[in-house]
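Chemist: After the structure tokens below, expect a handful of questions from me.
None of the figures in this text is laboratory data; all of them are computed from the coordinates on show. Small disclaimer: the values here were computed from a predicted structure and weren't measured. Cβ placement follows ideal geometry from the backbone for every residue including glycine, while neighbour counts extend to all protein chains displayed.
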């Protein structure tokens, strides 16, 4: 699962580089729920010493994205319906509010950028690029949240999305094999409705569509956990 990691760019510290790559991997669901990440294997993947990896894992554990074992290795948190429901309740509340705020002040160029991201998202779905599809999904959401101009909400959303990582892995495992046969437009239905609401400055409708987007995914994940 450590595929895709590499030496850290000289433009950032080694510790920050390891942290950022691991953080991105968690956000797009590259690790299985319950998967153990050892310092030795990660150090080899990043071509670095143990210390930067250990510190990066501690930072992610402080954000509740990982759990640290006594031997220093880390574990991706397991999934459960109770934890999923708790996360989605918070996401719906906070991200719904950020969407409502953004709709009131977002500019036409920003909305056009959202349209472009949705189009890219659909191309990724059509071409079976599951991780790229999940990355464009996150890009869409974050363009909206940044448009809210609320630093506090964005920080809270960052924390929630990191903790949501194991569920993104479940999504990638479920959606990936089905992408060639399913209607890829269904993946962006709520996104296009959000854009339409934003163009009309309908903040309530935009918020409702964002909440529905989160709830629909929650329902799918609940069914996957029950299997």
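Chemist: Mind checking the angle between helix 165-175 and the chain's longest principal axis? C-alpha axes, 0 to 90 degrees, to the nearest 10.
Modeler: Value to nearest ten degrees: 70.
Chemist: Fewest Cβ neighbours within 10 Å first, please rank 222, 138 accordingly.
Modeler: Least to most surrounded, the residues fall as 222, 138.
Chemist: May I pose another question? What is the Rg over Rh value, at two decimals, for the range 14-75, using alpha-carbon atoms and the Kirkwood definition of Rh?
Modeler: Answer for the range 14-75: 0.91.
Chemist: Would you mind giving the three semi-axes, in whole Å and largest first, of the ellipsoid equivalent to the chain according to its Cα gyration tensor?
Modeler: Whole-Å semi-axes of the equivalent ellipsoid: 31, 19, 18.
Chemist: Given points 7 Å out from each Cα along the Cα-Cβ axis, report the residue 36 to residue 49 separation in nanometres with one decimal.
Modeler: That separation, rounded to one decimal, is 2.6 nm.
Chemist: Also, quick follow-up: For every helix of n ≥ 4 consecutive DSSP H residues, a contribution of -39,500 (n - 2.57) applies; sum these over the chain, divide by its total residues, and give [θ] at 222 nm rounded to the nearest 500 deg cm²/dmol.
Modeler: Counting only the DSSP helices, I get -22500 deg cm²/dmol.
Chemist: Tell me, what is the percent relative contact order of the chain, built from C-alpha pairs under 8 Å that lie six or more residues apart?
Modeler: 27
Chemist: One-quarter of the Cα convex hull surface for the range 100-227, in nm²?
Modeler: 7.5
Chemist: Once the Cα atoms of helix 151-163 and of the chain are each reduced to a long axis, what angle between those two axes, in degrees from 0 to 90 to the nearest 10, is obtained?
Modeler: So the inclination is approximately 60 degrees.
Chemist: If one takes the longest principal axis of the Cα atoms in the chain, at what angle in degrees, from 0 to 90 and to the nearest 10, does the Cα axis of helix 130-147 lie?
Modeler: 60
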